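See structure below.
What follows draws every value from the coordinates through simple rules; no lab data is involved. Fair warning: this is a prediction, and the values are worked out from it, not measured in the lab. Using ideal geometry, Cβ is built from the backbone for each residue, glycine included, and neighbour counts are taken over all protein chains shown.
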Amino acid sequence: MSFNLSDPCLWCIEGVAPDGVHDVLGPVYKLCRACLKVCPTCEGEGLYPAAPTCLSCLLDRLAALGLSPLFCLGCSGVIDLVDLDTKPEVTPHGRH
């Protein structure tokens, strides 16, 4: 059997490595620390859900649970889940 992947890393599949099963997100991946630099924004904590077929599917599934994902601005991984009922604290433009 041959996969013909573009990277020969034995720890990951195309830059992402399995990282277990999250209690809400299900099976997740993380960026491979052997191939890629650790994201400086989330320090490598970003998770990539394996199950959803698209971003809209993920958002819909989490909304049905009353949750919304927070994405890392550096690597786009999910770094937290917040209740949809919780209003985020907003800093006015003149103060940041």
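Key figures for this structure:
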{"read-out": "In nm, spacing of pseudo-spin labels at residue 57 and residue 10 (7 Å Cα→C-beta vector)", "value": "3.2 nm"}
{"read-out": "Label-to-label distance, nm, for residues given as residue 24 and residue 50 (7 Å Cα→Cβ offset)", "value": "2.0 nm"}
{"read-out": "Net +/- balance of residues flanking residue 72 in space, Cβ distance below 12 Å, scoring K and R +1, D and E -1", "value": "-2"}
{"read-out": "Computed lengthening from residue 34 to residue 84, 0.36 nm per intervening residue step minus Cα-Cα distance", "value": "14.4 nm"}
